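Colleague: One structure is given below, represented as structure tokens, and several questions about it will come after.
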Amino acid sequence: MNHSAMNQATDRFLALVGDVPASTDPATIRRKSRDFYWYSPILREQLDGLQADCVVTPRTEHDLLAIARAARQSGIFLTARGGGTGNYGQAVPLRGGAIVDMTGLDGLVWLRGDVARVRAGTNMLALDRALRAQGRELRIFPSTKRTATIGGFVCGGSGGIGSVTWGGLRAPGNLLATRVVTMEDEPRAVELRGPDTRIVNHAYGTTGFVTELELPVEPAVDWCDMAVAFPDLPQAARFAHLLATQTGLQKKLVSVMDCRLLPYFAPLRNRVPAGRALVILMMAPAAIEPTRALIAREHGELCYSCNTAEAEDDPGHVPLYELTWNHTTLQVLKTDRSYTYLQTGFPPADALARVAALAAQFPDELLTHLEFLPMEGGMSCAGLPVIRFTDSARLDKIMAAHDAAGISVANPHVYTIEDGGAHRGLSPDLAADKRRFDPAGLLNPGKMRSFEALAGALDGAPNGAGRAAES
């Protein structure tokens, strides 16, 4: 579709959506067309400058259905956006069209015991506060809790604070149901439950618009942030693994940091002795005393503790979870853009030995960062190492070394779902789901490589990219 035709399609789309709030303001479009893909110098080169042609902000499911129908009639592409905190270009429109800002669909729908129904655009901090007012809290949330939306987290994330107990987002039971607006010939809202929710989980909004989610929640806890120093990384990792496996100690977070990351952590750099490896914890009140005893037994030093909620509510403080998961890389990039990161998974067998081996293999380039969570029936860790970037070839070599050591890599330097690793082995099923719910390929095009291959094979076209413009 040439530029003139794109403008005509956009004008027609905006006319068809009626009174749904819309914007063609260039500054708004630029801001809403970005996420945190710039963590990756490779994605930065590929995605910089790409943007939508307009932004629409549905307030209700009715608005979203109107947007879907208008897109089908005009042939315009649609890219869903929550808080824009993703790291892989999930919210970047590769082929223009409209950004669908989901933040207008917000609020807790209901809470029934330990199950909550919530609208997809709800800010996660606001959601957690609404739940806490009724004695419950989120099981899992990202380090971007203060800005992320619940729908964006489920559709673009994989785990976070709470995963040490509950595993990743895709673990059975962590997402109970979703309500989804489709892009079929006649768009409709459908309810997906149980295993069927895999259609939207970490699918980047390519399979439908999530309007509501049903999630398990748990009794609210007055969590305590703790920062513990150890003489070296192996001791810190051993302690973290030991603590993570203590079933009697209620915990929300167990993170390990290379000593070289400490200078980037403003809340801790004047509290933790230089040159020490760091373990960051969130522990329940009843677990604090036995955790202190375990720290002393393992020759650690408790350097900092603070009530998590107090730090979260105070603009002058930072909750320690904002030093963990993907925020670790962000803290480094605030100061030094020569770094990037990886996302890896250590099998439970010999996990700590593999951590040490990789750290030794790349002593000057790899700054170890571990997040503990259950894997393959045992307790292990995900790695989010901060990497000094030289070039793509060197990054490929580091990833190959992980593969050779039996450590899985979910490549965060690609924008396609399959190549990032989350849907390896599932992409044919996911592509078929997209074919069913988005037959014209209008949703976030270019992000699901297997769909375009499937669509091209079924339609006799070289790929599925051009068909939407002709629909």
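Colleague: Counting only the heavy atoms of the protein chains, how much of TRP223 is accessible to a 1.4 Å probe, in Å² to the nearest 10?
Modeller: Solvent-accessible area, nearest 10 Å²: 10 Å².
Colleague: Assuming R0 = 25 Å, what is the FRET efficiency of ARG238 and ARG260, from their Cβ-Cβ distance, to the nearest 0.05?
Modeller: So the FRET efficiency works out to roughly 0.85.
Colleague: Along each of its three principal axes, how wide is the spread of alpha-carbon positions in the range 350-424, in whole angstrom units, largest first?
Modeller: Cα spread of the range 350-424 along its principal axes, largest to smallest: 36, 31, 19 Å.
Colleague: Let me ask something else. I need the calculated FRET efficiency for the pair SER23 and ALA177, taking r as the beta carbon distance and R₀ as 35 Å, to the nearest 0.05.
Modeller: Computed FRET efficiency for SER23 and ALA177: 0.65.
Colleague: Give the ranking of ASP106, ASP185 by solvent-accessible surface, highest area first, calculated with a 1.4 Å probe.
Modeller: Ranked from most to least accessible, the order is ASP185, ASP106.
Colleague: Okay, next question. Taking only the alpha-carbon atoms of the range 1-160, what semi-axes of the equivalent ellipsoid follow from 5 times the gyration tensor eigenvalues under a square root, in whole Å, largest first?
Modeller: After diagonalising the Cα gyration tensor, the semi-axes are 30, 20, 10 Å.
Colleague: Right, here's the next one. What net charge is computed for the residues neighbouring TYR264, neighbours being all others with C-beta under 15 Å from the C-beta of TYR264, Lys and Arg scored +1, Asp and Glu -1?
Modeller: Result for the neighbourhood of TYR264: +4.
Colleague: I would also like to ask the following. If ligands, DNA and RNA are left out, what is the accessible area of THR60 with a 1.4 Å probe, given in Å² to the nearest 10?
Modeller: Solvent-accessible area, nearest 10 Å²: 60 Å².
Colleague: Under a no-solvent Debye model with one identical scatterer per Cα of the chain, what's log10 I(q)/I(0) at q = 0.09, 0.12 Å⁻¹?
Modeller: -0.59, -1.04
Colleague: Would you check the chain for Lys pairs whose C-alpha atoms are within less than 20 Å, ignoring same-chain pairs closer than 8 in sequence, and give me the count?
Modeller: Final tally of qualifying lysine pairs is 6.
Colleague: Something else about it: If you average 1/r across every pair of different Cα atoms in the range 75-140 and take the reciprocal, what Kirkwood value do you get, in Å?
Modeller: Computed over the range 75-140, the radius equals 13.5 Å.
Colleague: Still on this structure, I have one more. How far is helix 233-244 tilted off the main Cα axis of the chain, in degrees rounded to 10, range 0 to 90?
Modeller: 70
Colleague: Now, a different point. Grab the other residues whose beta carbon is less than 12 angstrom from that of ASP313, score K and R as +1, D and E as -1, and report the net.
Modeller: Summing Lys/Arg as +1 and Asp/Glu as -1 gives -1.
Colleague: By how many degrees, 0 to 90 and rounded to 10, does the Cα axis of helix 351-361 deviate from the longest principal axis of the chain?
Modeller: Between helix and principal axis, roughly 90 degrees.
Colleague: Separate question: Can you check what the net charge comes to around THR390, using other residues whose Cβ is under 13 Å from the Cβ of THR390 (Lys, Arg +1; Asp, Glu -1)?
Modeller: My count for the surroundings of THR390 gives -1.
Colleague: Placing +1 on the Cβ of each Lys and Arg and -1 on the Cβ of each Asp and Glu in the chain, which of GLY83, MET283, TYR37 has its Cα farthest towards the positive end of the resulting dipole?
Modeller: Of GLY83, MET283, TYR37, it is MET283.
Colleague: Right, here's the next one. When only the heavy atoms of the protein chains count and the probe is 1.4 Å, how do ASP63, ASP313 rank by accessible area, highest first?
Modeller: The ordering from most to least exposed comes out as ASP313, ASP63.
Colleague: Which value, in nm² and rounded to one decimal, describes the direction-averaged projected area of the C-alpha convex hull of the range 242-375?
Modeller: That works out to 8.8 nm².
Colleague: How big is D, in µm² s⁻¹, for the range 205-306 by Stokes-Einstein at 37 °C and 0.692 mPa s if Rh is the Kirkwood radius over C-alpha pairs?
Modeller: 220
Colleague: Tell me, what is the per residue accessible area of the chain in Å², probe radius 1.4 Å?
Modeller: Normalised by residue count, the accessible surface of the chain is 38 Å².
The values are calculated or read from the model by the stated rules, or taken from the named source; none is laboratory data. Fair warning: this is a prediction, and the values are worked out from it, not measured in the lab. Methodologically, a virtual Cβ is constructed for each residue, glycine included, from the backbone with ideal geometry; neighbour enumeration extends over all protein chains shown. To get the accessible areas, we keep the full protein, side chains included, count just its heavy atoms, and leave off ligands, DNA and RNA. Shrake-Rupley method; radii C 1.70, N 1.55, O 1.52, S 1.80 Å.
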